[in-house]
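The values are calculated or read from the model by the stated rules, or taken from the named source; none is laboratory data. All values derive from a computational prediction rather than experimental measurement. Here Cβ is always computed from backbone atoms with ideal geometry, including for glycine, and neighbour counts include all displayed protein chains. Note: areas computed on protein heavy atoms with side chains; ligands, DNA, RNA excluded. Shrake-Rupley method; radii C 1.70, N 1.55, O 1.52, S 1.80 Å.
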Amino acid sequence: MTKELDNAGANAPTPQLVDVDTMASILSVQKSWIYRKARETGPKSMPRVKCGKYLRFSPKAVLKWISEQ
């Protein structure tokens, strides 16, 4: 890796990831809606991160995704 990449990674803010319960609360929807949207695949699917068997979401990315629908 180059020095620039090392420095950029060290100074970049860590994105906050939330679980299904928290994301459902933020969006005021049921957890089943979150799970259903998270199962969809393709370029227009809900942004998510799979950490082992757990799903995590970036609220900022999900809100942006919703606004683009």
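Give me a count of the residues in segment 23-49 that are modelled with pLDDT under 95 and either polar (S, T, N, Q) or at positive phi (or both).
The qualifying residues number 3.
How about segment 27-36: which of its residues are part of a loop (DSSP other than H, G, I, E, B) and either among the small types (Gly, Ala, Ser) or touching a strand residue (DSSP E or B) at 6+ places or on another chain (Cβ under 6 Å) (or both)?
Ser28
Are there any pairs, at least 6 apart or on different chains, whose C-beta atoms fall under 7 Å, with the first in segment 47-59 and in contact (Cβ under 8 Å) with a residue 12 or more places away in the chain and of a type in the set (S, T, N, Q) and the second part of a loop (DSSP other than H, G, I, E, B) and open to solvent by less than 60 Å² (accessible area, probe 1.4 Å), and if so, which?
As it stands, the answer is Ser58/Pro47, since those pairs meet every condition given.
For segment 37-69: of the residues being among the hydroxyl-bearing types (Ser, Thr, Tyr) and not in a helix (DSSP H, G or I), which is surrounded by the fewest Cβ atoms within 10 Å (Cβ to Cβ)?
The extreme case among them is Thr41.
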